[in-house]
Amino acid sequence: MAPETNKASGSGGATKNDEPVKAPPSKKKEEKKDDDLSEEDLALKQQLELYVERVQDPEPGVQKLALESLRQEIRSSTSSMTSVPKPLKFLRPHYGTLKAHYEKMSEADLKKYLADILSVLALTMSAEGERESLKYRLLGSEGDIGSWGHEYVRNLAGEIAQEYTKRQSEEASNDDLIELVQQIVAFHMKHNAEPEAVDLLMEVEDLNILSKYVDKTNFKRTCLYLTSAAKYLPGPDDLVVLKIAYEIYIKFTEYASALQIALFLNDLQYIKQVYTSCDDVQQKKQFSYILARHGTAFELDDDIASDDIDREVLEEIINNTKLSEGYLTLARDIEVMEPKSPEDIYKAHLLDGRASAGASVDSAKQNLAATFVNAFVNAGFGQDKLMTPPTDSSSGGSGNWLFKNKEHGKTSAAASLGMILMWDVDSGLAQLDKYFHSNDNHVISGALLGVGIVNCGIRNDCDPALALLDDFVDKEDPSIRIGAIMGLGIAYAGTQNEQICRKLSLVLNDAKAPLDVIAFAAISLGLVCVGSCNEVVAHAIILSLMERSKSDLQDPLTRFLPLGLGLLYLGKQESVEATAEVSKTFDEKIRKYCYMTLLSCAYAGTGNVLKVQNLLGRCAEILEKGETHQGPAVLGIAMIAMAEELGLEMAIRSLEHLLQYGQQNIRRAVPLALGLLCISNPKVNVMDTLSRLSHDTDSEVAMAAVISLGLMGAGTNNARIAGMLRNLSSYYYKDSSLLFCVRIAQGLAHLGKGLLTLNPYHSDRFLLSPTALAGLITMLHACLDMKAIIFGKYHYVLYFLVLAMQPRMLLTVDENLKPLPVPVRVGQAVDVVGQAGRPKTITGFQTHSTPVLLAAGDRAELATEKVCHIEGEPRLQRRSVVAHRDFYRAYSIKYELQTLPDYLGIFGQV
């Protein structure tokens, strides 16, 4: 045992002596490894080792020849990499040797050659974080960077981003990096790697040079990536990216796409530039349809259309005067012109006896519900079975139904005629006129509101709505004043009409005016000036809020004052900060509610994660008695997160957590937030959640869930939602309030007999219509206290939904704007951002002839070569213009038609 002990306890010297003994096994291992190589690989390895030896030769000529040979071997192996190339693998042991020799070299040209080789070897051999590939590239020659292969260029781009950040912190010069960046960007753009080029330029904060490298083969993919990336960038970087995309679209005459970005930026100068850059009247018609769908008030001047006739045609399109005509064309084409009664929607015969017995009770509340159902289902069709029956009908005309409603119920009944005749101004005003001569103030109030609904989204030089409603704003009766004020707000939403602003501001400052009149004046001001940051109007609302007494502040209608203030800053982000600070000085009863409302409106549709986290934090607070600010905070989460799909899914999960752990007032708002996130877009998981909540023990949670089911299925005729609501009508047949909610939801689910949508987004979810969102928010804030507002005497706030109603159709018209049937493929949209080549943009398509309906997530593309679209490849919405192929130049026949029916596009025919 002794010898072993001595061996184990040997000195340090013994260990050193042992080290050489380990070498032979590794040599054997190497020999064995060499034996595993094929003859070709072994020859390559020996050849490379020979080159490495000769690189170190003192003779410059030998060195140069060896370096050239090495470069050739490496280049040929790295041009397309699926695994580590063999030259890089065999040169791994010699990397250190070559680096050491580089430091000793004196001749500049040869040193640069070796630096190029070391830069490529560093791709797989340098230590992490050393950025040796970039270091040697900067020391090397300025040859073609792409000759070393894509993987090398990609790795270099990553190291440049790290080095740029380091130099920025040290305030060092970046000129050498920018030169290299330009080479890499040129290479990426040439080889269909536009996203990588854009990412690199974003990293080095030099995106402005992108337009130099874009050409007609890659500008669409580049701009698609820019606009998609903008959703995930913080401000003001997102706006910078969008402006660059706009400039590229203008450069390559893709005017329709440029116009969409101009609308997103809400920049009237950009909109005008699109019109003035284009000389084609047919394309300008397409632009006008886009503006009409978005609801933008835009004045045309001589620079845009010098010809008076052309200008009149364009103004007619922007003013939406033919919207009713196009909508009815669609209805006739798919044969749904036949009026439907509320009973056709309830389908009580499919339920058991108790439900039908409950439904047959002729109560004022159920008649009121039938009024709304009738209005929603027959919206825009111009005829129904309650308000516009034939004169020889047994029901005796609209008068009979009107007086089956009590007091304020008559207001909603009279206004429902406006919704039935929606967008048809001439016929609508003629039929509403008879109600102005009524002795019942509630009927007059409803007629005034109906005038606003008929004119919603339709602009007219004569301003018939203003002429009719103006005098009634100053009447003594509060109900008449509210009808006129609401009518003005709905008819002129988003127009920033100064005359109306002055008129309604006077109402706000009227000390004698009752609170409900002031509340609706604030909402109408917010709608008329939505997203304008109008300081004068904001000041008027703030003063009105400060003048409210303690008792007024406890009234549920007071919530409309902060909401009207919030609508002024809809989507304007930081612009709200000064007003938000002022709100902190309000009375403690309204202070937090006002702040939450302002915050949620200002960041609506932005997807701002930090603000969502802020609002979630507010929802975690333990409330003091009487505080209600968590309701708007929950709605705010949905309003902000609805901007893009990823944020939307995350918000749904967060709201489900709030359902489990939140207090009662939060649970009452969560269903409404879910309804907003999935509006007119039934999602099965959310549908199941709302179905569960519709049976909640808290009746207000159940009411909110039922209304949200209606919002989610709005205009879809979704069979599953319709079945759920039928079962709920049976379940709640004894509860008049919940049954009322079920009826409203049933009417919404069959909105416009399935031809309308409430979704405020259009153009592939890129553009958000501010007036549509404003109408939805107003209705949802009213639903935060349903018992006081919806079930009180202010149920007509449901008519604010008309601001969001749009046909979900694709209609094609010819050069003369006459409907032209064209075969199109309609299918589920596919996200093709960042994909090279020309990937399919839709899947699971069916071929139809226009006009067609587009559901949430649908796109359409032309299915024939007999027509061509006037505008290159726009996202077509509600209408499109086509021309004869021999009359117009041939365009690509693929079109990205957005998720929802959108603006009317323009096509032509061979």
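Give me the extension gain from ALA836 to LYS434: residue separation times 0.36 nm, minus the current Cα-Cα distance, reported in nm with one decimal.
Here the segment from ALA836 to LYS434 would lengthen by 138.5 nm.
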Practice task
Kindly work out what percent of the DSSP beta bridges joining two residues of the chain are antiparallel, to the nearest 5.
Solution key: 75
Fill in the blank from the handout: Checked the range 125-213 with the C-alpha gyration tensor, a ≥ b ≥ c its square-rooted eigenvalues, rounded below a/c of 1.5, otherwise prolate if a/b is larger than b/c and oblate if not; verdict oblate
Fill in the blank from the handout: With the label point 7 Å along the Cα-to-beta-carbon line of THR217 and a cut-off under 19 Å to each amide N, the hits in the range 153-196 are 183-196
Practice task
Treating only the Cβ atoms of Lys and Arg (+1) and Asp and Glu (-1) as charged, compute the dipole magnitude of the range 501-574 about its Cα centre; round to the nearest 20 debye.
Solution key: 80
Completion exercise
Here the net charge surrounding LEU728, from other residues whose Cβ is less than 11 Å away from its Cβ (Lys, Arg +1; Asp, Glu -1), is +1
Exercise for the section: Set Lys and Arg Cβ to +1 and Asp and Glu Cβ to -1, take the dipole of the chain about its Cα centre, and tell me which of SER524, GLY752, VAL425 lies farthest positive. Expected result: GLY752
Fill in the blank from the handout: Net charge near ASP785 (other residues with Cβ under 13 Å of its Cβ; Lys, Arg +1; Asp, Glu -1) is +1
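Quote the charge dipole size of the range 249-331 about the Cα centre in Debye, to the nearest 20; the model charges only the Cβ of Lys and Arg (+1) and of Asp and Glu (-1).
Working: 7 positive and 15 negative charges, 98 e Å.
For this selection, approximately 480 debye.
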Practice task
Using a/c under 1.5 as the rounded threshold, could you call the range 651-801 rounded, prolate or oblate? The axes a ≥ b ≥ c are square roots of the C-alpha gyration tensor eigenvalues, and prolate needs a/b larger than b/c, oblate otherwise.
Solution key: rounded
Handout entry: Crossing angle, helix 478-491 versus the chain [Cα axis fit, 0-90 degrees, rounded to tens]
Key = 40
Fill in the blank from the handout: The set of residues whose placed amide H lies less than 5 Å from the amide H of GLN806, leaving out same-chain residues fewer than 5 positions away, is THR757
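Do the sum for the chain: with -39,500 (n - 2.57) for every DSSP H run of n ≥ 4, divided by all residues, what is the mean residue ellipticity at 222 nm, to the nearest 500 deg cm²/dmol?
Value at 222 nm, helices only, nearest 500: -17500 deg cm²/dmol.
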Handout entry: Solvent-accessible heavy-atom area per residue, rounded to whole Å², over the range 480-560 at 1.4 Å
Key = 35
Exercise for the section: Compute the acute angle (0 to 90°) between the alpha-carbon long axis of helix 39-55 and the principal axis of greatest extent of the alpha-carbon atoms of the chain; round to the nearest 10°. Expected result: 70
Handout entry: Inter-site label distance for GLU865 and GLU49 at 7 Å from Cα along Cβ, in nm
Key = 6.2
Practice task
Could you tell me, in Å, what Rg and Dmax come out for the Cα atoms of the chain?
Solution key: 34.4, 126
Exercise for the section: Considering the options GLN273, TYR246, TYR289, tell which one lies farthest towards the positive end of the dipole of the range 199-300, charges being +1 on Lys and Arg and -1 on Asp and Glu at the Cβ, about the Cα centre. Expected result: TYR289
Fill in the blank from the handout: Rounded to a whole %, the carbon-and-sulfur portion of the accessible area of the range 157-230 at a 1.4 Å probe is 45
Handout entry: Contour excess over end-to-end distance, with Cα ends at GLN269 and ARG332 and 0.36 nm allotted per residue
Key = 18.7 nm
Handout entry: Spin-label model distance (nm) - ASP301 vs GLN499, 7 Å beyond Cα toward Cβ
Key = 2.3
Practice task
Pop a pseudo-label 7 angstrom from the Cα along the beta-carbon direction at both SER106 and TYR232 and give the gap in nm to one decimal.
Solution key: 5.4
Practice task
Can you tell me the FRET efficiency between GLN72 and ALA127 if r is taken as the Cβ-Cβ distance and R0 is 35 Å, rounded to the nearest 0.05?
Solution key: 0.80
Handout entry: Dipole of the range 527-670, positive end: most advanced residue of LEU568, ALA620, GLY607 [Cβ charges, Cα centre]
Key = ALA620
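Treating only the Cβ of Lys, Arg, Asp and Glu as charged (+1, +1, -1, -1), what charge dipole size does the chain show about its Cα centre? Round to the nearest 20 debye. Don't skip to the end; give the middle numbers.
Numbers: 93 positive and 117 negative charges, 536 e Å.
Roughly 2580 debye for the chain.
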Fill in the blank from the handout: ALA230 neighbourhood, Cβ < 9 Å, K/R = +1, D/E = -1, net charge -1
Practice task
Mind pulling the angle between the C-alpha long axis of helix 645-661 and the longest principal axis of the chain? Nearest 10 degrees, somewhere in 0 to 90.
Solution key: 70
Fill in the blank from the handout: In this structure, among LYS243/LYS818; LYS284/LYS683; LYS347/LYS787; LYS340/LYS410; LYS572/LYS787, pairs with alpha-carbon gaps over 29 Å are LYS243/LYS818; LYS284/LYS683; LYS572/LYS787
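The values are calculated or read from the model by the stated rules, or taken from the named source; none is laboratory data. Just so it is clear, the model here is predicted, and its values are computed rather than measured. Cβ: placed from backbone, ideal geometry, glycine included. Neighbour counts: every protein chain shown. These area figures cover heavy atoms from the full protein model, side chains too; ligands, DNA and RNA do not enter into them. Shrake-Rupley method; radii C 1.70, N 1.55, O 1.52, S 1.80 Å.
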